[in-house]
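Just below is one structure, and these are the notes that go with it.
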Amino acid sequence: MHQPNGPRMCSGRLPTGELQPFYFPEDHPSMPGWFKGMEVIIWERGLWPGEGELLTQCPGFHCPPGCTNCCCWCILFLQPDFVSQKSQLQELIESRSHLCDFYPKYHCELNFIEQYWGVAKLRFHMAGHTVTINEMKRKVIQSLDDTPLLHIQR
């Protein structure tokens, strides 16, 4: 679906080094300013693998091992300009002279829930032994409730 005011991808580079706009020009007769789509981008690069249809992507993004032209996604995402493209977030961070270093999804020093859970477990452990299941439930709830917001926001 075309979204005229949505975020736009930056242009790519053809194998010749020439810029390849990913959007039709504003004076295009039927789709002014519209995203060209993977098929058109692949055709313009001269990478369409013969006649016929090509899958947009392999089921579940699981391309056959060693295959480089099984689907549009695979063809494009193996292109040097796609491989080297940084995310918009990374470009923004680096444009302000900062380093951008992404950590694994559940990295304990960055994910607030990991910080919260770590402090709550420590408080639970320090509160001592329990005798009944109800006492344990109260201790868990109290440990979670007593965790300061500062430990979550670090």
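The values are calculated or read from the model by the stated rules, or taken from the named source; none is laboratory data. Keep in mind that what you see is a predicted model, and the values were worked out from it rather than measured. Positions of Cβ are generated from backbone atoms using ideal geometry, with glycine treated the same way; all protein chains shown enter the neighbour counts. Just the protein is used for accessible areas: all its heavy atoms, side chains included, with ligands, DNA and RNA removed. Shrake-Rupley method; radii C 1.70, N 1.55, O 1.52, S 1.80 Å.
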Query raised in the report: (1) open to solvent by less than 100 Å² (accessible area, probe 1.4 Å); (2) in a loop (DSSP other than H, G, I, E, B); (3) modelled with pLDDT under 85: which one isn't true of G128, the others all being true?
Result: (3)
Query - Filter result for Q88 (in contact with a helix residue (DSSP H, G or I) (Cβ under 8 Å, 6 or more places away or on another chain), under 30 Å from L150 (Cα atoms) and among the polar types (S, T, N, Q)) - result: no
**Report entry** Single unsatisfied condition, K121 versus (1) under 23 Å from G12 (Cβ atoms); (2) free of Cβ contacts under 8 Å to residues at least 24 places away in the same chain; (3) among the basic types (K, R)
**Finding:** (1)
Requested in this report: Output the number of residues of the stretch 1-22 satisfying the condition of being of a type in the set (S, T, N, Q) and under 16 Å from Q85 (Cβ atoms).
Outcome: 2
Query raised in the report: Restricting the stretch 78-95 to residues that are polar (S, T, N, Q) and closer than 28 Å to W48 by Cβ, which is farthest from the chain's Cα centre (by Cα)?
Result: Q79
Query raised in the report: Of the numbered conditions (1) farther than 30 Å from D101 by Cβ; (2) open to solvent by 40 Å² or more (accessible area, probe 1.4 Å), S11 satisfies every one except a single condition; which is it?
Result: (1)
Query raised in the report: Which ones in the stretch 142-153 are open to solvent by 100 Å² or more (accessible area, probe 1.4 Å) and without any contact (Cβ under 8 Å) to a residue 40 or more places away in the chain?
Result: D145, L149, L150
Report summary line: Here the residues within the stretch 96-125 that are at pLDDT below 75, open to solvent by 100 Å² or more (accessible area, probe 1.4 Å) and not in a helix (DSSP H, G or I) are Y103, K105, Y106, E109, L110
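Here is a yes/no grid of residues against (1) touching an Asp or Glu at 6+ places or on another chain (Cβ under 6 Å); (2) at pLDDT 90 or above; (3) more than 18 Å from S11 (Cβ to Cβ):
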position: G37; (1), (2), (3): no, yes, no
position: I42; (1), (2), (3): no, yes, no
position: P49; (1), (2), (3): no, no, yes
position: E53; (1), (2), (3): no, no, yes
position: P59; (1), (2), (3): no, yes, yes
position: C74; (1), (2), (3): no, yes, yes
position: S87; (1), (2), (3): no, no, no
Query raised in the report: Counting only residues that are touching a Phe, Trp or Tyr at 6+ places or on another chain (Cβ under 6 Å) and under 19 Å from Q85 (Cβ atoms), which one in the stretch 23-74 is least open to solvent (accessible area, probe 1.4 Å)?
Result: I42
